[in-house]
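Novice: Could you have a look at this structure, given as structure tokens, before my questions?
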Amino acid sequence: QVQLVESGGGLVQPGGSLRLSCAASGSISNIYAMGWYRQAPGKQRESVATIRSGGRINYDDSVKGRFTISRDNAKNTLYLQMNSLKPEDTAVYYCNAQKLGGSYWGQGTQVTVSS
């Protein structure tokens, strides 16, 4: 089992920044990909950014140039730096880890972009 705990969400004004963190623990060996997903009210969960074990990174077009995904392997932590936030970025953000035989999710952290 893999445990994922997100933090860093909150209320921010349009144009502001937040950094989300996802601390991983448990059976974290052989994780081959991690990522951030989000779900807005009434919408399906969508991929925001993913990073594979070899370092390949993918971003959704809606966040390219504004969000940056990174990881600190020594701390077993995944980050999402979010800049130039827009009201449409408002959602619950979830951390995900994938390994053979399982996909794991955190509990989510709320991000609200509003003036």
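Novice: Of the residues 105, 36, which single one is of a type outside the set (Gly, Ala, Ser) and surrounded by 20 or more Cβ atoms within 10 Å (Cβ to Cβ)?
Specialist: 36
Novice: The conditions are (1) part of a loop (DSSP other than H, G, I, E, B); (2) touching a Cys at 6+ places or on another chain (Cβ under 7 Å), and residue 22 fails exactly one of them. Which is it?
Specialist: Looking at each condition in turn, residue 22 falls short on (1).
Novice: List pairs: first in region 68-97 and modelled with pLDDT of 95 or more, second of a type in the set (Asp, Glu), Cβ under 6 Å, 6+ apart or cross-chain?
Specialist: 95/6
Novice: Tally up the residues in region 80-102 that are assigned to a strand (DSSP E or B) and crowded, with 20+ Cβ neighbours inside 10 Å, please.
Specialist: Residues in region 80-102 being assigned to a strand (DSSP E or B) and crowded, with 20+ Cβ neighbours inside 10 Å: 8 in total.
Novice: Something else: Testing residue 21 on (1) within 15 Å of residue 90 (Cα to Cα); (2) open to solvent by 20 Å² or more (accessible area, probe 1.4 Å); (3) touching a Phe, Trp or Tyr at 6+ places or on another chain (Cβ under 6 Å), one condition comes back false. Which one is that?
Specialist: Among (1) within 15 Å of residue 90 (Cα to Cα); (2) open to solvent by 20 Å² or more (accessible area, probe 1.4 Å); (3) touching a Phe, Trp or Tyr at 6+ places or on another chain (Cβ under 6 Å), the lone unmet condition for residue 21 is (1).
Novice: Would you mention how many residues in region 30-61 are without any contact (Cβ under 8 Å) to a residue 60 or more places away in the chain and assigned to a loop (DSSP other than H, G, I, E, B)?
Specialist: Residues in region 30-61 being without any contact (Cβ under 8 Å) to a residue 60 or more places away in the chain and assigned to a loop (DSSP other than H, G, I, E, B): 12 in total.
Novice: Also, I was wondering about something else. From 13, 44, 3, grab the single residue that is in contact with a Gly (Cβ under 8 Å, 6 or more places away or on another chain), open to solvent by 70 Å² or more (accessible area, probe 1.4 Å) and not basic (Lys, Arg).
Specialist: Testing whether each residue is in contact with a Gly (Cβ under 8 Å, 6 or more places away or on another chain), open to solvent by 70 Å² or more (accessible area, probe 1.4 Å) and not basic (Lys, Arg) leaves just 3.
The values are calculated or read from the model by the stated rules, or taken from the named source; none is laboratory data. As the structure is a prediction and not an experimental result, all values here were calculated from the model. For neighbour counting, all protein chains shown are included, and Cβ atoms are generated from backbone atoms with ideal geometry for every residue, glycine included. These accessible areas exclude ligands, DNA and RNA; they are computed on the full protein's heavy atoms, side chains included. Shrake-Rupley method; radii C 1.70, N 1.55, O 1.52, S 1.80 Å.
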